[in-house]
Amino acid sequence: MAHPSLRGVSRLVLAAALGLAALPALASAQAADRVTTPLADGWTFFQGDPEGAETAAFDDGAWAKVSVPHDWAITGPFDIRARAGGAGGFLPTGIGWYRKTLDIKPPAPGRRVFVELDGVMERSGVWINGHHLGHRPSGYVGLRYDITDFIRADGRNVLAVRADTDHAPSSRWYAGSGVYGKVRLIETAGQHVEQGGAFVSVTKISADRATADIAVDVINDAHDAAKAGLEVVIRDPSGAEVARGKVAPVAIDPARTETLKLSLDIASPKRWDLETPNLYRAEIRVVGEGGQGLDAETVRFGVRDVAFKADSGFWLNGRNVKLKGVAVHMDGGAVGAAVPMAVWRQRLTALKALGVNAIRTAHNPPSPDFLDLTDEMGFVVMDELFDQWNVSKTPGDYHLFFSDWHKRDARDMVRRDRNHASIILWSAGNEIHDTAYPVQAKAALKSLLAVMHATDPTRPVTMGLFRPNVTGDYQNGFADMLDVVGQNYRENELIAAHDAKPSRIIVGTENSKTRTSWVAVRDYPAYAGMFLWTGIDYLGEADRSGWPNIDNPAGLIDRTGLAKPIGLQRASWWAEKPVLHVVRNAMPAAPPPSSDGAGPAPALPTMIAVATPQPKVAVYDDWTPADLTPHDETIEVYSNCASVDVSLNGRWLGAKPLPADASPRQWSVTFAPGEVRAACRDPGVKLEDVLRTAGKPARVELSVEGDKVGTGFDDLAIVRARVVDAKGVVVPSAQDAITFQVAGAGAFVAADNGAPTDHASFASPTRQAWQGRAMALVRGAGQGGALNVTATAPGLTPGKVVLKTVPDTVR
């Protein structure tokens, strides 16, 4: 199966993904349009800043051997004195160097070789044989450098990358450190598609026909003028050819770019939609005057009709759809910023089960592979670019570079992502502090809008306004510069702004999880939808709660990908199918926590964040309180069923209808150990949920989705451990230390339990249970063998699970 980063490139010659023996093929594959060689293994790494590390002669024999993607900071340790403080999850920051020897030869005359990096955090520098190829301050932009003229004929060439997070705090959340994205070599002819230069947009969509408008920026990196044209084939979701066209070769001067365009009709198009995410492929081939292949790139795209309307919000393929969105940060919990797609697939699957249909990438563009998943799984996406412009939020953040780099970064970010069917909206920024200075803010936004609209004229631009009534954004014209007016929190303020000017298109760019926030959006037709803060618990931004907290536990699901009670409640409001969940509410009279997103700035490096009181957790997915004697308890049910009834130990407690405001249904009882059973009583619906009182811990129970695990970076199996009693009921108070042992065809990768104050290294195979649960990530090795996972805990019967190792199961 092809490497995920290639995304189906046509007429592709793929050198071996592992090992360097295949790399010399770059010099002999002259007939290929494009040769792509993943550079995953064989890297060395050093945390520090040794002099001369960029040179080919430097001795890195004592450095650690690693593969990329790689986030060196995630292994810890957690330290209250960490420079990034709670903003960075009390994890380390600093300078790291990566080196890789490339056993390649100079390419044939007329060919070019590039190194491409999907993500380096941050302030990166890249060298080949001591020659500085370039640097980028942002850690969220993809990089491509031409190394052709610096490849040595002796065959030994050293690629060096410097990643610098030593200026922490430079982010308000954990952003990782190092080469956290994929890396590859690309060989093409001198006339080739620029990075991000192929763009497919679909217009004139009807049931009978759609038109794919294809624009390809072809650059001539050769020393002489040359001609280049296009051959394009469009394939439908089944792989069948549905359209074909050509652009005759045109002359391109050296160091110049020509945009070659054509339009192709697609008969009876299959729409991309939330439940049917059909994807087409445009196989684009750059050809010379004699028809010879010069370069090739495949673009996946979707046929979908998207619109935002001032009176009725968001429309998809002729249907008025309320955006039920969540904001998601970039980290993958135990794996940090270098996130295998198996982790994202599980998380997105869990969110979709809760009724989530939209993702906001807070507050930066995500990895290209993440957007591949949202394309494939049927989410719509708000792709956000920046968390700050000219005014800082932390001392070392992007405000230091915005004036010099924002145009180039915005262009590169949009060009990289603009073909993704899932993206419906760009965000130019989140809670930008420049708005306190309207002249400066308008100038910055005008500059960004010019770049973003020119790069992608097919999608609107919004941003997350923060307290716009304080800074006068609705009165001074700033908000109305946006195609879609977005506001964080304070839903009634945005409604009032729309009432004052009904031509405004509005969306909630960041919202609290309270019921009143949802009802306000639900019941106002012009409100396109909302994006909750947040979808998944994430590392960092613990500066508000302080040490010993390492994460922000604001998600609908926890770091391990399990739905939390607040996520189960959201499902009762958002899911399209019948939902029923019963929980125990120990504080039924307590108002839900509310927030408008305000909070103190992250601590400076010389400060130590101290824990501040946090709202007490009151809702539990169990019937096992600490006090097992009779006392008052409240049974709470989250459901969209019209009628729900509850029983306790077989005693019927009555049925209750669905409230108009979607509030949970409650039954006050005197606690008794045993069983709580809730049932949906809607006609034709058989749906029940049960809570049982747990006994003493007896064994560790393991579970895993599926029976196979792959061997590539993106392939992981999530093995979940539960401490259960003799009857198989989870013991929520269990804190047993669980040790995961992996034998056979595979290896242990990381472990977690979702606890916000656990400081054990994610790299340790021993993890204390939290709320009776923990999980391990394992990866296969070899092919066809058995991977055995055993989980042990003192005094408990061990759990076991067996997986079959197969190559590359994620794609």
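Within region 88-105, the set of residues being at pLDDT 95 or above, open to solvent by 30 Å² or more (accessible area, probe 1.4 Å) and over 25 Å from TRP405 (Cα atoms) comprises THR101 only.
Would it be correct to say that VAL356 is part of a loop (DSSP other than H, G, I, E, B) and crowded, with 24+ Cβ neighbours inside 10 Å? Please lay out each step first, then the result.
Details: part of a loop (DSSP other than H, G, I, E, B): yes; crowded, with 24+ Cβ neighbours inside 10 Å: yes.
So VAL356 fits the description; yes.
Within region 514-531, work out how many residues are part of a loop (DSSP other than H, G, I, E, B), open to solvent by 10 Å² or more (accessible area, probe 1.4 Å) and not polar (S, T, N, Q). Of the residues in region 514-531, 3 are part of a loop (DSSP other than H, G, I, E, B), open to solvent by 10 Å² or more (accessible area, probe 1.4 Å) and not polar (S, T, N, Q). Residue count for region 665-682 under the criterion of being farther than 23 Å from ASP627 by Cβ and either among the hydrophobic types (A, V, I, L, M, F, W, C) or open to solvent by less than 40 Å² (accessible area, probe 1.4 Å) (or both): the result is 4. The residue pairs whose first member lies in region 253-272 and is closer than 30 Å to GLY378 by Cα, whose second member is among the β-branched types (Val, Ile, Thr) and outside any strand (DSSP E or B), and whose beta carbons are closer than 7 Å, counting only pairs six or more residues apart or on different chains, are PRO269/ILE205.
Just the residues that are touching a helix residue (DSSP H, G or I) at 6+ places or on another chain (Cβ under 9 Å) and closer than 14 Å to VAL115 by Cα, please, taken from region 34-52. Can you show your working first?
The initial filter retains those residues of region 34-52 that are touching a helix residue (DSSP H, G or I) at 6+ places or on another chain (Cβ under 9 Å), namely 35-38, 45, 47.
Scanning region 34-52 gives VAL35, THR36, THR37, PRO38.
For region 733-765, a residue qualifies if it is hydroxyl-bearing (Ser, Thr, Tyr), over 19 Å from GLY795 (Cβ atoms) and free of Cβ contacts under 8 Å to residues at least 60 places away in the same chain, and exactly one does: SER764. Scanning region 595-638 for residues that are at pLDDT 55 or above, among the polar types (S, T, N, Q) and part of a loop (DSSP other than H, G, I, E, B) gives SER595, THR624, THR629. Only a single item in (1) under 25 Å from the mean Cα position of the chain (by Cα); (2) of a type outside the set (A, V, I, L, M); (3) open to solvent by less than 30 Å² (accessible area, probe 1.4 Å) is not met by PHE478, and it is number (1). Of the strands (runs of 3 or more DSSP E) lying entirely inside region 646-762, those containing at least 3 residues that are more than 21 Å from VAL778 (Cα to Cα) are 651-657, 665-670, 675-680, 687-692. Checking region 340-350 against the condition returns no match, with no residue being open to solvent by 10 Å² or more (accessible area, probe 1.4 Å) and part of a loop (DSSP other than H, G, I, E, B).
Taken over region 767-811, the criterion of being of a type in the set (Val, Ile, Thr), open to solvent by 10 Å² or more (accessible area, probe 1.4 Å) and not in a loop (DSSP other than H, G, I, E, B) is satisfied by THR790, THR792, THR797, VAL801, VAL802. With the structure loaded, tell me whether ASN488 is polar (S, T, N, Q) and open to solvent by 10 Å² or more (accessible area, probe 1.4 Å) or whether it fails that test. For ASN488, the condition - polar (S, T, N, Q) and open to solvent by 10 Å² or more (accessible area, probe 1.4 Å) - is not met. In region 390-403, the residues that are free of Cβ contacts under 8 Å to residues at least 24 places away in the same chain form Cβ pairs under 8 Å with partners that are open to solvent by 30 Å² or more (accessible area, probe 1.4 Å), at six or more places apart or across chains, as follows: HIS399/ASN390; HIS399/VAL391; HIS399/SER392; SER403/ASN390.
If you go through region 702-737 and keep only what is under 21 Å from VAL676 (Cα atoms) and of a type outside the set (Gly, Ala, Ser), you end up with ARG722, VAL723, VAL724, ASP725, LYS727, VAL729, VAL730, VAL731, PRO732.
Among the residues of region 532-547, the one identified as surrounded by fewer than 21 Cβ atoms within 10 Å (Cβ to Cβ) and in contact with a helix residue (DSSP H, G or I) (Cβ under 7 Å, 6 or more places away or on another chain) is GLY546.
Does ALA163 meet the test of being part of a loop (DSSP other than H, G, I, E, B), open to solvent by less than 20 Å² (accessible area, probe 1.4 Å) and of a type in the set (Gly, Ala, Ser)? For ALA163, the condition - part of a loop (DSSP other than H, G, I, E, B), open to solvent by less than 20 Å² (accessible area, probe 1.4 Å) and of a type in the set (Gly, Ala, Ser) - is not met.
Condition first: crowded, with 22+ Cβ neighbours inside 10 Å and out of contact with any strand residue (DSSP E or B) (no Cβ under 7 Å at 6 or more places or on another chain). Now tell me which residues in region 548-560 satisfy that.
Applying the first criterion (crowded, with 22+ Cβ neighbours inside 10 Å) to region 548-560 yields 549-552, 555-560.
Hits for region 548-560 are ASN549, ASP558.
Residues of region 184-207 include at least one that is open to solvent by 10 Å² or more (accessible area, probe 1.4 Å), within 30 Å of the chain's Cα centre (by Cα) and aromatic (Phe, Trp, Tyr).
The values are calculated or read from the model by the stated rules, or taken from the named source; none is laboratory data. Quick caveat, the model's predicted, so the values are computed rather than measured. Backbone-built Cβ (ideal geometry, glycine too); neighbour counts: all protein chains shown. Accessible surface is based on the protein model in full, side chains and every heavy atom, while ligands, DNA and RNA are left aside. Shrake-Rupley method; radii C 1.70, N 1.55, O 1.52, S 1.80 Å.
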